[in-house]
Amino acid sequence: MSGSAEFDVVVVGAGSAGIAAARRLKSAGVSALLVEAKDRVGGRAHTVHGPSGAAIDLGCGWLHSADRNEWAALATPMGFTLDRSSPAWTRPALTVNFPAADQTAFHKVFMAFEERLERAAEGETDLVAASLIREDERRWAPLLNAFSGYYNGAPFDQISVKDYAAYQPTDRNWRVREGYGALIAAGAAALDVRLSTPVTRIEHGGPGVRLTTDAGAITARAAIVAVSSTILAEERLAFDPPLPDKRDAAASLPLGHVEKAYLKLLRPEDFPVETLVRGRTDTADTGGYTLRPMGLPVIEGFYGGNLAAALEMEAEGAFAAFAIDELVAVFGADVRRQVEAIAESSWRTDPFIRGAYSHAGVGQAGARAILAEPVAERLFFAGEACSPHAFSTAHGAYETGVAAAEAALAALI
């Protein structure tokens, strides 16, 4: 490889995967630069603060599979506080618009549906997940698809059975009181980072790589690409020579639609702590609401799939307005005087991300391995879409970042 390179490795994208890769490279003592298009690190992890000063995660908020999540292991040593209380979704929701008997019936349908998904995934032929919803379960199809919107970013008629079953979580789901986004951003504190530096082109036909940015060219012996699948699919980052297999694999792993809205509670004592409320149960176009998460004086609204896609196209404030309307339908008109909109996300409109997290359609589950495959020992790829069993999560992204760094280090020898 070229001896005139500025760096041993350049990492493109300072989300969880890119930060993990750069941390591993730094620990190995090689020269590494982390380049980020946005004006902050963290990618799809982003903590802001509400009026009370409480941390609000507009991106990932749960340390899923916390018992094997590297970010969970790093949190306490880095001065962050883990909240290990059970998620609201593991307990019954409020019964005001969802009677206990109906919740029990839906739970049984959901568990049976997931068992069929697991069995179907063992077959040779991939199937669309929605095809496994039985006729006698149609009453619950809207709520199943609402769940898929939150979980996959798309309804079950867009989801591969084999990809869905490949995800392997544990039952440990924790939070960071100071914010998951804040934790991930803190992971980059000691790294060499250039912000507001979009990489638009990577030339990799020679002995090293040359990256084109608005601030000038950067040369390195190798590069780790840790950008979202949509950025690759839309060729917002170009390669020379072209990499059509990477583009097609990325296009087979689109980012779904998942967004959040937060409302401040003016009289928080009127609402139970850490309690789930479903906006509606007769449509997939509905939000899930956590009242007073971690005891905070807020309501967290969660939206996915087609609903999130539609609201993203409306003016700023659409998610909060939708949340208030749904909560009024559940609790009554007085809610309008008890809440104030304080924050909402818009990942699909972010020009450097373009969505939430990846899912695969029928027959496309193998695209994750194709996307993760190195190119000529000069280009390495990382990110949640590259993860075989923990895609759509920050810890899955972290694992791929470390793996890409290890591969790059081996190639540099």
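Please determine, by comparing only the residues of region 144-199 that are of a type in the set (D, E, K, R) and out of contact with any Asp or Glu (no Cβ under 6 Å at 6 or more places or on another chain), which one is farthest from I133 (Cα to Cα).
Only one residue fits best here, namely D192.
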Matching residues, region 322-376, being of a type in the set (K, R) and more than 23 Å from the chain's Cα centre (by Cα): R336, R337
Pairs where the first residue, in region 136-162, is open to solvent by 20 Å² or more (accessible area, probe 1.4 Å) and the second is polar (S, T, N, Q), C-beta under 7 Å, 6+ apart: P142/T283
Region 364-380, subset open to solvent by 10 Å² or more (accessible area, probe 1.4 Å) and hydrophobic (A, V, I, L, M, F, W, C), residue farthest from L183 (Cα to Cα): A376
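Give me the strands (runs of 3 or more DSSP E) completely within region 188-276, filtered to those with at least 2 residues that are within 26 Å of F156 (Cα to Cα) and touching a residue at least 40 places away in the same chain (Cβ under 8 Å), ordered by residue number.
Answer list for region 188-276: 258-265.
This table checks each residue for (1) within 27 Å of A130 (Cα to Cα); (2) in contact with a strand residue (DSSP E or B) (Cβ under 8 Å, 6 or more places away or on another chain); (3) outside any helix (DSSP H, G or I).
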position: V362; (1), (2), (3): yes, yes, yes
position: A365; (1), (2), (3): yes, yes, yes
position: I370; (1), (2), (3): yes, no, no
position: P388; (1), (2), (3): yes, no, yes
position: S392; (1), (2), (3): yes, yes, yes
position: A407; (1), (2), (3): no, yes, no
Per-region count, region 128-169, residues within 21 Å of N306 (Cα to Cα) and assigned to a loop (DSSP other than H, G, I, E, B): 5
Filter result for A356 (within 24 Å of V48 (Cα to Cα), surrounded by fewer than 21 Cβ atoms within 10 Å (Cβ to Cβ) and in contact (Cβ under 8 Å) with a residue 60 or more places away in the chain): no
Qualifying positions in region 291-348 - of a type in the set (D, E) and open to solvent by 40 Å² or more (accessible area, probe 1.4 Å): E314, E316, D325, D334, E340, E344
Output for region 122-135, where each listed residue is surrounded by fewer than 24 Cβ atoms within 10 Å (Cβ to Cβ) and aliphatic (A, V, I, L, M): L127, V128, A130, L132, I133
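If I filter region 100-117 for residues that are polar (S, T, N, Q), surrounded by 12 or more Cβ atoms within 10 Å (Cβ to Cβ) and touching a residue at least 40 places away in the same chain (Cβ under 8 Å), do I get at least one hit?
Checked against the condition, which is being polar (S, T, N, Q), surrounded by 12 or more Cβ atoms within 10 Å (Cβ to Cβ) and touching a residue at least 40 places away in the same chain (Cβ under 8 Å), region 100-117 yields no hits at all.
The values are calculated or read from the model by the stated rules, or taken from the named source; none is laboratory data. Keep in mind the model is a prediction, meaning the values are calculated, not measured. For neighbour counting, all protein chains shown are included, and Cβ atoms are generated from backbone atoms with ideal geometry for every residue, glycine included. These accessible areas exclude ligands, DNA and RNA; they are computed on the full protein's heavy atoms, side chains included. Shrake-Rupley method; radii C 1.70, N 1.55, O 1.52, S 1.80 Å.
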